[in-house]
Amino acid sequence: MTMLSHPLRQLSRRHVLGLGVGALAAGLAPLRPANAAIPAGTVLKVGDQKGGVQSVIEAAGLLADLPYRIEWSQFPAAAPLLEALNAGAIEVGYAGDAPTTFALAAGTTAKIIGAVRSNPQSTTILVPGSSPIRRVADLKGKTIGTGRGSIGHYLVLAALKANGLKPDDVKIAFLLPSDAKSALAAGSIDAWSTWGIYVSQALLVDGARAVVTGTGLMSGLSYQSATLEAISTKREALTDLIRRFAAARLWALENSDAYAGIWARTVGVDPAIARHTFGVERARPVAIDASVIADQQATSDVWREFGIIPKRLDAAAIFDPGFNSALPA
């Protein structure tokens, strides 16, 4: 199981509690008291990518006084996180719609219990600043690095389709983000399809240039998915986690500079990179409703069209909308 090598740095209790007050001042309703139905000693094994979930809940002051204990595991990308979910090494984890579809279609026994919608522009196909590649058509015959089954992989296929190209018009090199970043710098791939902080770092630090973004091509959805066992035996704890994550996301939208500074220190990047990432993403919790299910079906159907998953996935069957009650009013 691949995890990030460094743990999240701990914020002081005074700082966390102060940020919690800030969250309430931003208009978030106080979280209800710990639910007595959560048995003493309950532990949730939570998977996260580069501290994105843990840091925002912590920054908003909403990790204090948990009625259960969280064991966090940090991953560099969705694929290893979802592999851990499938293996039962974690019970709930956060990943984009495309890799979640890929994992569920491959047999991962889990359901989606929470949804977040971000600006699709945060997923981007990048090239070096000196590259002659200017548009999607210029990618023909080129090698694009991305993660298999990732939102970056999905963007490659969607962009090719939208521009009248076929998957075999390009070569896709399946790489984890750190390897793709190095390969692009070394010239062993021509382009890199990636997301979030990796896009911001490439644009602001490495001088990369965007060829196409996910705008108009992707839903921007990401999900919290949980194992069927956890949904059955730890439903109240999962509901509480979804509630805290949603409230923290809303706090971050109103306090993006403060959160960017905290998250930058947590993962060890320049605050300008964090601010750029959040300024583009604008991630917001949304209910699992007909529009989310329809967008998920569209994503699943693209995967099926290109043979990435073996059969059509019924999107409605992979959600548990009962957790919508956890969202702030």
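The values are calculated or read from the model by the stated rules, or taken from the named source; none is laboratory data. Keep in mind that what you see is a predicted model, and the values were worked out from it rather than measured. A quick note on method: Cβ atoms are made from the backbone with ideal geometry, for glycine too, and the neighbour counts reach across all protein chains shown. With ligands, DNA and RNA removed, areas are computed over all heavy atoms of the protein, side chains included. Shrake-Rupley method; radii C 1.70, N 1.55, O 1.52, S 1.80 Å.
Summary of values
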item	result
Nearest-10 value in Å² for the accessible area of H153, using the 1.4 Å probe	0 Å²
Environment charge of V127, counting only residues whose C-beta is closer than 14 Å and scoring Lys/Arg +1, Asp/Glu -1	+3
Three principal axis lengths of the range 64-132 [C-alpha, angstrom, descending]	54, 34, 20
Spherically averaged projected area of the range 189-327 from its Cα convex hull (nm²)	10.7 nm²
Mean Cβ neighbour count within 10 Å, used as a protection proxy, ranking 92-100, 131-139, 143-151 highest first	92-100, 143-151, 131-139
Rounded to whole Hz, the Karplus (6.51, -1.76, 1.60) HN-Hα couplings of the range 50-59, x for glycine and proline	6, x, x, 7, 4, 5, 6, 5, 5, 4
Whole-number percent relative contact order across the chain, with pairs defined as alpha carbons under 8 Å at least 6 apart	25 percent
Within the accessible area of the range 282-325 (1.4 Å probe), percent carbon and sulfur	54 percent
On Cα atoms only, tilt of 290-305 relative to the major axis of the chain in degrees	40 degrees
Calculated diffusion of the range 128-208, Stokes-Einstein form, Kirkwood radius summed over Cα pairs, 25 °C and 0.890 mPa s, µm²/s	194 µm²/s
Assigned charges on the beta-carbon of Lys, Arg, Asp, Glu; the chain dipole about Cα centre (debye)	300 debye
Exposure of S182 as accessible area (Å², to 10), given a probe of 1.4 Å and all protein chains	70 Å²
Residue-by-residue Karplus 3J(HN,Hα) for the range 314-319, coefficients 6.51, -1.76, 1.60, Hz, glycine and proline x	7, 4, 4, 7, 9, 10
Approximate spin-label separation A290-R209, in nm, with each point projected 7 Å along Cα-to-Cβ	4.5 nm
Spatial extent of the chain: Rg and Dmax, with the Cα atoms as the point set, Å	19.3, 61
Summed residue charge, Cβ within 13 Å of R209's Cβ, Lys/Arg positive, Asp/Glu negative	-1
Contact order relative to length of the range 186-329, as percent, for alpha carbon pairs under 8 angstrom and 6 or more apart	27 percent
In Å², nearest 10: area of Y68 left accessible to a 1.4 Å probe	20 Å²
Ellipticity estimate at 222 nm from DSSP helix runs (n ≥ 4, -39,500 (n - 2.57)) divided over the chain, nearest 500	-12500 deg cm²/dmol
